[in-house]
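Every read-out reported here was derived from the displayed coordinates using simple, explicitly stated rules and does not represent laboratory data. Bear in mind the structure is a predicted one, so any value in this text is a computation, not a measurement. Neighbour counts run over all protein chains shown; Cβ positions are idealised from the backbone, glycine included.
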Amino acid sequence: MAAILAAHPHRVALSRIGRVEVWQKIGGPDTGGVSLVGPHTHVLQKLLRARRRHLANMPIPGGLVPVVGFHPASPIMDRRS
């Protein structure tokens with residue numbers, strides 16, 4: 001994981017519904033531990049270790065898998081002056 005954070009590789013997520021490419025730095029030690037504003041990715045090691053496709057508290061019906069997640073800005077928490 002440290003090598004990935006240090007390299008800031010371009011990431012490509014490909015599924016049946018589309019393709020997303022993210023070309024900016026990954027939030028890590030050299031970005032102050034903060035993800036940059038705009039499209040970014042998360043590699044959730046806990047999910048990878050557990051061999052899960054999504055968090056246990058996500059209501060995904062049996063036989064289906066999530067293909068994308070959107071987290072729009074909060075009108076309260078993500079205000080810009």
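Could you check which residue among His40, His71, His54 shows the biggest mean-square fluctuation in a GNM of the chain with a 10 Å Cα cutoff?
Judging by the Gaussian network model, the answer is His71.
Take the Cβ-Cβ distance between Asn57 and Leu5 as r, set R0 to 30 Å, and report the resulting FRET efficiency rounded to the nearest 0.05. Before the final figure, lay out each step's value.
Numbers: r = 27 Å, r/R0 = 0.89.
About 0.65, to the nearest 0.05.
Give the shape of the range 1-50 as rounded, prolate or oblate, defined through the alpha-carbon gyration tensor: a ≥ b ≥ c are the square roots of its eigenvalues, a/c under 1.5 means rounded, and otherwise the shape is prolate if a/b is larger than b/c and oblate if not. Don't jump to the answer; show the numbers that get you there.
Working: a/c = 1.99, a/b = 1.26, b/c = 1.58.
In terms of gyration-tensor shape, oblate.
Test of understanding: in a Gaussian network model of the chain with alpha carbons linked when under 10 Å, which of Leu48, Leu64, Leu14 would top the mean-square fluctuation ranking?
Leu64
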